[in-house]
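Below is one structure, written out as structure tokens, with a few remarks after it.
Since every read-out is calculated from the coordinates, none of them should be taken as a lab result. As the structure is a computational prediction, the values presented were derived from the model and not from experiment. When we count neighbours, we look across all protein chains shown, and the Cβ atoms used for this are built from the backbone with ideal geometry, even at glycine.
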Amino acid sequence: MRCAHQQHRELSGSARPRTARGVPRLRAGGHRGRPRELVSVRRHREAIPVVIVAGFLGAGKTTLLNALLANPVGARLGVIVNDFGAINIDALLVAGQSAGTISFGNGCLCCSVDADGLGQALAGLADPAAGLDAIVVEASGIAEPRALIKMIAGIADRAIRYGGLVYVVDVAAVTATVRRHPEIGGHIAIADLVVVNKADLVDGETLAEVLAKVAELNPTAPRVVTSDGRIDCTALFDPAPRPDDDADVPRQLTLDELLRGEGPECGHGGHLHEQFNSVSVQVPGVLDPRRLAQVLERPPTGCYRIKGVVWLAGADEQFGVHAVGGFVRTERTGSRRLPAAPGSSLVVIGTGLDEARVRALLEGLVAAPDLDDEFGILGIMRHLPAASQLPND
Ligand SMILES: Nc1nc2c(ncn2[C@@H]2O[C@H](COP(=O)(O)OP(=O)(O)OP(=O)(O)O)[C@@H](O)[C@H]2O)c(=O)[nH]1
């Protein structure tokens with residue numbers, strides 16, 4: 001495993017193998033098996049999403065993490081693992097597999113680590129030299145996800161943004177677990193994505209019962225059924241496109257090259273993609289910022305995340321927008337000249353999305369020509385990182 005310092009040296013220089021963050025270089029047909037709609041929004045200088053993976057003891061969090069790490073699309077993950085116990089078993093299990101792993105042992109991340117410590121760890125992983133696409137924080141089986149979400153969402157670092165709570169449940173055990181530990185029901189209720197894992201262990205009837213129970217606890221979050229935590233990582237974050245066919249370009253070994261053929265599949269081979277659906281729209285004209293903020297803050301049922309690049313009424317610059325679980329992050333893309341025919345791109349990703357409804361919702365965000373809403377833009381501006389809330393920084 002190479003250290004971040006080595007990676008930096010290998011990646012710097014004129015033959016930098018991957019596109020710089022923010023400059024898309026997509027090959028025709030999209031990137032290695034990724035659904036076209038998931039890459040249709042132009043990448044700009046984006047903050048790295050920090051995804052929390054939580055779930056009760058033994059639900060399959062580490063297994064899911066390893067499945068994410070084994071992704072075939074070349075995504076690079078930073079990992080923060082937290083095991084409750086003196087010997088950090090989870091850290092050992094994922095050690096050597098990620099681009100950067102930091103472990104906090106001896107207690108729950110949410111109790112034993114102060115936000116500054118976590119912030120520093122995240123800032124280290126978000127260093128552009130590491131070239132990460134996402135950071136995954138694996139919470140211990142008894143962690144309180146609310147506290148972790150608060151901690152991560154509250155970190156004022158422009159390089160990162162909260163990327164959602166993925167909650168893993170053991171389909172064979174969750175009913176009894178919720179009965180014994182009702183707080184687990186509360187954890188499921190605040191998840192942005194519920195992964196119903198160990199599907200191989202139960203029959204269709206039990207699976208249906210558990211899915212119904214999960215839907216009762218959390219009617220809006222998307223649900224994905226997995227074995228061995230195999231989920232489509234491109235639904236959670238956007239791996240930067242990386243050329244895989246240019247033999248002349250020196251490039252860094254990626255994790256998937258080490259694991260290809262051995263690890264579980266992620267977003268590959270057909271059926272994994274089918275669990276997620278997405279709706280992409282190109283809306284001509286400028287959008288109504290107030291209504292856009294409402295959609296970002298209260299996403300449609302089944303939505304895991306929303307991303308977009310938009311022009312807004314009342315603003316003379318372009319914004320990038322991201323939302324997961326009502327946590328919204330906006331950023332300036334740097335484009336300040338309103339094109340003669342401005343257009344905005346929005347993508348909603350989730351499971352079981354009512355595509356026609358979501359499309360109508362997004363298309364309905366176009367601003368009325370006579371819109372007179374002086375303060376509407378504040379709904380978007382207030383989600384900028386604090387340091388960039390001043391106009392045209
Ligand atoms: N049959 C089956 N076993 C699974 C599946 N996913 C995980 N396991 C097994 O379940 C056990 C627990 O999985 P882990 O990934 O360690 O679970 P965890 O949530 O990280 O566990 P803690 O760190 O103790 O909270 C391991 O033996 C896994 O191999 C699955 O989909 N099917």
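Near R332, the amide H atoms lying under 5 Å from its own belong to G320; only residues 5 or more places off or on other chains count, and H is placed 1.01 Å from N. Per-residue packing, averaged as other Cβ atoms within 10 Å, sorts the ranges 51-62, 276-287 into the order 51-62, 276-287, beginning with the highest.
Only one residue of A212, A199, P239 has its Cα farthest out toward the positive end of the dipole of segment 197-241, where Lys and Arg carry +1 and Asp and Glu -1 on Cβ, and that residue is P239. For segment 276-388, the relative contact order comes to 39 percent (Cα pairs under 8 Å, sequence separation of at least 6).
The string of couplings for segment 316-323 from the Karplus curve (6.51, -1.76, 1.60, θ = phi - 60°) is 9, 8, 8, 10, x, 10, 9, 8 Hz, one whole number per residue in order, with x for Gly and Pro. Measuring r between the beta carbons of D372 and L211 and using R0 = 41 Å, the FRET efficiency lands at 0.30.
Grab the Cα-Cα distance for I142 and A356, subtract it from 0.36 nm times how many residues apart they are, and report the gain in nm with one decimal. Please list the in-between numbers first.
On the way: separation 214, 0.36 × 214 = 77.04 nm, distance 3.95 nm.
Computed gain between I142 and A356 is 73.1 nm.
A simple packing score, the average count of other Cβ atoms within 10 Å per residue, orders the peptides 67-78, 317-328, 216-227, 177-188 as 67-78, 317-328, 216-227, 177-188, with the highest score first. Non-local amide H neighbours of R161 (under 5 Å, H modeled in plane, Pro and chain starts lacking H): which ones? Result for R161 returns I48, V50. Phi angles of segment 166-173 translate, via the Karplus equation with coefficients 6.51, -1.76, 1.60 and θ = phi - 60°, into HN-Hα couplings of 9, 10, 9, 10, 8, 4, 7, 10 Hz per residue; Gly and Pro are given as x.
Averaging the Cα positions of each part gives two centres, and for segment 293-347 and segment 164-243 these lie 28 Å apart.
Taking max minus min of the alpha-carbon positions on each principal axis, segment 276-388 gives extents of 36, 31, 22 Å, largest first.
Residues whose amide H falls under 5 Å from that of A221, counting only those 5 or more places apart or on a different chain, are G302, with hydrogens built in the peptide plane.
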